[in-house]
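Here is the structure we will look at, set down as structure tokens.
The values are calculated or read from the model by the stated rules, or taken from the named source; none is laboratory data. As the structure is a computational prediction, the values presented were derived from the model and not from experiment. Positions of Cβ are backbone-derived with ideal geometry, glycine not excepted, and every protein chain shown enters the neighbour counts. The accessibility values were calculated without ligands, DNA or RNA, using every heavy atom of the protein model including side chains. Shrake-Rupley method; radii C 1.70, N 1.55, O 1.52, S 1.80 Å.
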Amino acid sequence: MKKMIFALTLGAISVGAWAQDNGAEQIARGEYLARAGDCVACHTAAGGTEFAGGLGMKTPIGTIYSTNITPDKETGIGDYSFEDFDNAVRHGVAKNGQTLYPAMPYPSYAVVTESDMRALYAYFMHGVAPVKAANRDSDIPWPLSMRWPLRFWRGIFAPDVKDFQPAKAEDPVLARGRYLVEGLGHCGACHTPRSLTMQEKALNNGEGSDYLAGSNAPIDGWVATSLRGDNKDGLGRWSEEELVQFLRTGRNDHTAVFGGMTSVVEHSLQYLSADDATAIARYLKSLQPADPAQPAFKPDDTVAQQLFKGDDSKPGASLYVDSCAACHRTDGKGYTRFFPALRGNPVVQSDDATSLIHVVLTGDTLPGVKGAPSAVTMPAFGWRLNDQQVADVVNFIRSSWGNHAAAITAKEVADVRKDKDVITDPIMLGNPSIDKLHVK
């Protein structure tokens with residue numbers, strides 16, 4: 001009898017230990033998925049506690065603020081059941097029944113699998129510390145602040161919630177990459193153009209080549225580039241390996257991360273497994289160009305030879321030599337995975353030069369990450385270059401070494417300088433307490 005009781009006790013302990021280990025594994029899996037979804041970027045205010053919300057996100061009708069998603073029972077999601085959590089994340093419906101603003105990318109999350117949702121729920125309930133931080137009301141004026149019209153927007157534009165399923169005979173690596181890009185990664189939320197009614201023009205590649213073709217308006221002062229196979233302003237010239245390197249380190253031989261994407265690399269992409277980074281890269285490389293007519297980039301050394309001979313007569317050339325050449329070189333090649341190349345850079349050749357103007361005005365920092373621990377800072381030039389000078393140097397960069405992009409005007413620079421998302425004040429730029437790079 002005693003032996004039987006002892007055996008039953010051991011069995012109970014084993015079952016309890018298994019349940020505890022399984023819970024820990026579920027929480028760890030949820031943490032990885034939360035990293036892949038970059039939840040921290042939107043749900044953390046500059047200088048605030050992770051996941052406690054409060055980050056302002058500007059929309060055409062006003063500013064909304066991200067919510068507290070820590071398990072605090074009063075101000076967070078501590079009293080959410082799994083069904084409440086799932087309704088918010090995948091369906092876009094809050095616990096009180098209100099439709100969420102689509103700044104929460106529930107149209108993308110609609111394909112996240114229920115098993116991944118349960119892992120995320122386990123993490124946010126048991127792997128995140130509760131933080132008491134009241135949610136902030138939006139700055140959207142009445143009557144635009146009324147929530148009930150959003151129910152109709154959701155009904156028209158949000159897809160049905162359905163677990164992701166690979167296509168028949170789809171390569172498992174491509175399927176995994178597609179799932180991460182279309183779903184948890186919600187890449188289309190920034191990199192797909194939007195209609196006047198603010199929905200993404202395509203939620204997946206099956207809905208057309210607008211998907212991931214680049215934003216059609218600046219987001220927080222930056223333009224999200226095309227992730228399709230376009231030769232000029234997309235990923236057409238990148239190899240799969242170069243794209244993996246960019247995802248995990250924020251840099252490769254072609255460019256370096258900047259603006260809102262710094263947060264994505266710093267808080268999300270650097271933590272991806274090698275397999276998941278490869279899957280994402282392979283899927284993105286499978287996308288056909290949005291504009292098949294774009295010619296392949298052809299390097300042209302004419303300007304490099306002119307500068308080598310001391311000829312800086314081309315408009316903007318002397319400014320480039322004085323302010324840019326030390327890092328980006330007179331041939332525009334930069335220094336591999338340190339100072340990005342400008343020659344053939346997709347951002348440089350984009351039709352919309354906002355990002356290039358922005359970085360010249362404000363500078364930026366390439367963050368140190370796993371695999372590339374050195375942070376590299378580009379100084380701001382807006383404090384000492386006037387609008388015409390910025391236009392001249394930007395035009396020089398966009399028309400040299402084989403780059404062919406339309407010229408910009410001083411007025412366009414002035415417009416970017418006036419943008420409230422673009423900090424150009426030299427005192428503010430030098431103040432380390434201002435997290436000007438925490439944008440999404």
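Tabulated results
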item	result
Phi to ³J(HN,Hα) by Karplus 6.51 cos²θ - 1.76 cosθ + 1.60 over the range 228-245, Hz, x for Gly, Pro	8, x, 5, 6, 8, 10, x, 9, x, 8, 8, 7, 4, 5, 5, 5, 4, 4
Accessible-area composition of the chain, carbon plus sulfur, in percent [1.4 Å probe]	56 percent
Cβ-derived FRET efficiency at R0 25 Å, ALA217 paired with ALA293, nearest 0.05	0.60
Full-extension gain in nm, GLU114 to THR365, via 0.36 nm per residue minus C-alpha separation	86.6 nm
Accessible area in the full protein assembly, largest first, 1.4 Å probe, for THR44, THR365, THR336	THR336, THR365, THR44
Karplus 3J(HN,Hα) series, Hz, for the range 88-104 with 6.51 cos²θ - 1.76 cosθ + 1.60 (x for Gly, Pro)	5, 6, 9, 9, x, 10, 6, 4, 7, x, 6, 6, 6, 4, x, 4, 6
Cα long-axis angle, helix 114-126 against the chain (0 to 90 degrees, to the nearest 10)	80 degrees
Choice from ALA189, ALA326, ALA46 with maximal GNM fluctuation in the chain (Cα, 10 Å cutoff)	ALA326
All-pairs alpha carbon distance profile, the chain, 10 Å steps from 0, percent	4, 19, 29, 25, 13, 6, 2, 1, 0, 0
Rounded tilt (10° steps) of 2-36 against the dominant C-alpha axis of the chain	20 degrees
Derived scalar couplings ³J(HN,Hα) [the range 249-257; Karplus, 6.51 cos²θ - 1.76 cosθ + 1.60; whole Hz; x for Gly, Pro]	10, x, 7, 7, 5, 9, 6, 9, 5
Length gained when the stretch ARG384-LYS201 is fully extended (0.36 nm per residue, less Cα-Cα span)	61.9 nm
Relative contact order of the chain, defined on C-alpha pairs under 8 angstrom at six or more residues apart (%)	14 percent
Cα-centre dipole for the chain with unit charges at Cβ (Lys and Arg positive, Asp and Glu negative), debye to 20	380 debye
Shape call, the range 244-393: gyration tensor on alpha carbons, a/c limit 1.5	prolate
Principal-axis tilt of helix 148-157 within the chain, Cα atoms, nearest 10 degrees	80 degrees
Average accessible area per residue (Å²) across the chain - probe 1.4 Å, nucleic acids and ligands excluded	49 Å²
Relative contact order computed over the range 23-162 (Cα-Cα under 8 Å; 6+ residues apart), in percent	30 percent
Chain lengthening between ALA414 and ARG147 when straightened (0.36 nm per residue, less Cα-Cα)	92.5 nm
Dipole in debye (nearest 20) - the range 23-162, about Cα centre, beta carbon charges: Lys, Arg +1; Asp, Glu -1	340 debye
Per-peptide average of other Cβ atoms within 10 Å, ordering 80-88, 279-287 highest first	279-287, 80-88
Solvent-accessible area of VAL347 with every protein chain in place, 1.4 Å probe, in Å² to the nearest 10	30 Å²
